[in-house]
Every structure is written in C-alpha cells, then in structure tokens.
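Here's the structure, in structure tokens; my notes come after.
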Amino acid sequence: MARRSSNTVTAEPVDRARSSAKSSAKSSAKSSAKSSVRPRTPAGRAKLAVARLAEEYPGTAKELCELDFSTPWELLVATVLSAQTTDERVNSVTPGLFARYPGPEEMAAANPDDVEALIRPTGFFRVKSKTVVALATAVCDRFACQVPTALEDLVTLPGVGRKTGNVVRSVAFDLPGLPVDTHVGRISRLLALTSEKDPVKVEADLCAMLPKREWGPLSLRMILHGRRVCIARRPRCTECVMADFCPSAVVPLGWAPSRPVGVVTRPSAGPGSR
C-alpha cells in the first residue's frame, strides 16, 4: 500500500511539468510565428524601418547630421557646399570660411574670389562661391539677415531646393522636414515604400505614412545606412537590420536575421554618432 501511494504522489508533479512544458512550447511557437510575419504594406514596412533604423542609429536629427555647424546660417551654407562632395570635405573648409565670414552680413560683403580660395577643396568652387555670396545677400535683403524657417521661403533663396530647405528645417530648427537625396530615394524604393523616382513625390509618399516627428531623423538615418551598409554598388544585405523584411534583400540560402520581425529593442540612451 505504501509503495502504491508513493508512485501516485510522484506522478502528479511529473504530469504537471509535462503539461507546463507543452503549454510553454505552444506559446513560444505562436509567438515565433507571429514575430516572423513580414509587413505586407508600405506603411507597415515604413513603421518597422523607422524602429530598426532608430535602434541602429540613435540620436536626434542634429546629432545624426554629419555636417559641422553652430548656427542655422552655418548649416545652410554647409549644405549648399556639400553638393557633389563629401561632408568630410565640407567640414574641412567651413571652420576657416566661418572664421572669416561669421554670418550672412559678412558673407554678403565678401569678394567671391576670396570665398573661392577658402572653399576650393569642395569642388565647383567658382559657382559655389557666387551662390553663397548671393545667398547671404538674399537672406539679408529679404529676411533681415535671419535664415527663414518656412520651406516656402527657403526654396526662394539662391542655391536652395527642397532637400536643402528640409535639412535646415529638420536639423537646425527641429521642425518637420524630410530631405530626399539619392540614398533616401534608393532605399525607399528597395523597401518598396514608394515606386517614385522624383524626389518630391518620394517625399510626399514617405510623409503620408509617417508622423511628422520622424521625418527628419528617418531621412538622416537612411543616409547613414546608405553610406555604411546599403551601398548602391555593393549592398551588404546580410549586415542590414532590415534584410528580413526588405523585398529587395539578397541573402544566402538558410540565412537568418539577427532579430525576428516585430522584435525591436529600445534604442540605447546617449548621443548619436556624427
């Protein structure tokens, strides 16, 4: 009798353990299946892209911008100078340029030949020097030497288009603005967020899917991602944080993402990389 009682008592916790294990396995399987579902819509992919890129490149728009500046005017000039060259090259000439011409008042009175000598390493220096002097003159004549915040005003200035205007708005003024350069347009099409090639239409498609607070940071993160990972001629898809849901990703057979779709950790605290 004692032996039967002992067997009965020990069987109950074993049965409960097996039942618990089965329940846990089913729950885990359901969770895994749910997290592995790819977003089926552009809006769904855009939302996940925002989260993944924010984790990969944390920081505010100002922290993410790789152009060095201390005032809206300096950012405006640096962005104009960045055409057809690198941010590093621009950063190498702007300290000397702004030391000699600190603001639009001084730049408006500058001799373009003198400006040329200072910005020569950026390329197209003759055109750029005239543009920067004309830009300073327009800012002083029409906006009391203050860089305007409205995109409608910014795009009327010499050398300033929507991309430059949106850079200044989102980075210098912390206002809504989504700059679309070649990286932003290319990555947006690879992710099937848009099929448009016109930057203005790409901007409209992205803005329609995202809250205004995400416009500037997303653009800057796409630019960083395009420079470092999603390189036009040699994309490193296996290193991409969006490869598991990007329709254009090319990965080896059997490749698995470092994190499943839908599982996004919070961005780490601290300043973003510049």
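The values are calculated or read from the model by the stated rules, or taken from the named source; none is laboratory data. Just so we're clear, the structure is a prediction, and the values are computed from it rather than from any experiment. Using ideal geometry, Cβ is built from the backbone for each residue, glycine included, and neighbour counts are taken over all protein chains shown.
Side notes on the structure shown:
- Qualifying residue in region 163-172 (condition: at pLDDT 95 or above, surrounded by fewer than 16 Cβ atoms within 10 Å (Cβ to Cβ) and under 17 Å from the mean Cα position of the chain (by Cα)): no
- Scanning region 182-198 for residues that are crowded, with 17+ Cβ neighbours inside 10 Å and either more than 25 Å from CYS230 (Cα to Cα) or not basic (Lys, Arg) (or both) yields HIS183, VAL184, GLY185, ILE187, SER188, LEU190, LEU191, LEU193, THR194, GLU196.
- Any hit, region 19-37, residues being farther than 30 Å from ARG120 by Cα and either modelled with pLDDT of 95 or more or among the acidic types (Asp, Glu) (or both): no
- Test: residue in region 168-177 that is in a helix (DSSP H, G or I) and acidic (Asp, Glu): no
- For region 198-216, a residue qualifies if it is in a loop (DSSP other than H, G, I, E, B) and not acidic (Asp, Glu), and the qualifying residues are LEU210, PRO211.
- Among residues of region 189-204, those that are touching a residue at least 24 places away in the same chain (Cβ under 8 Å) and farther than 19 Å from PHE245 by Cβ, counted: 3
- Filtered by the rule that a residue be small (Gly, Ala, Ser) and farther than 26 Å from ALA144 by Cβ, region 83-132 gives ALA83, SER92, GLY96, ALA117, GLY123.
- Filtered by the rule that a residue be of a type in the set (A, V, I, L, M) and surrounded by 15 or more Cβ atoms within 10 Å (Cβ to Cβ), region 130-149 gives VAL132, VAL133, ALA134, LEU135, ALA136, ALA138, VAL139, VAL147.
- Options GLY161, GLY165, GLY185, GLY177: the member that is touching a Leu at 6+ places or on another chain (Cβ under 6 Å) and small (Gly, Ala, Ser): GLY165
- All of GLU203, GLU152 fail the test of being crowded, with 22+ Cβ neighbours inside 10 Å, of a type in the set (D, E, K, R) and farther than 21 Å from SER70 by Cα, apart from GLU203.
- Matching option when the condition is within 28 Å of the chain's Cα centre (by Cα) and either in a loop (DSSP other than H, G, I, E, B) or not assigned by TED's automatic domain parsing to the domain that holds VAL180 (or both), among VAL132, VAL127: VAL132
- Verdict on VAL155 being aliphatic (A, V, I, L, M), at pLDDT 95 or above and in contact with a Lys or Arg (Cβ under 7 Å, 6 or more places away or on another chain): yes
Each row is one residue, and each column tells you yes or no for (1) hydroxyl-bearing (Ser, Thr, Tyr); (2) surrounded by 16 or more Cβ atoms within 10 Å (Cβ to Cβ); (3) at negative phi.
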{"position": "VAL50", "(1), (2), (3)": "no, yes, yes"}
{"position": "THR60", "(1), (2), (3)": "yes, no, yes"}
{"position": "SER82", "(1), (2), (3)": "yes, yes, yes"}
{"position": "ASN91", "(1), (2), (3)": "no, yes, yes"}
{"position": "ASP114", "(1), (2), (3)": "no, no, yes"}
{"position": "GLY123", "(1), (2), (3)": "no, no, no"}
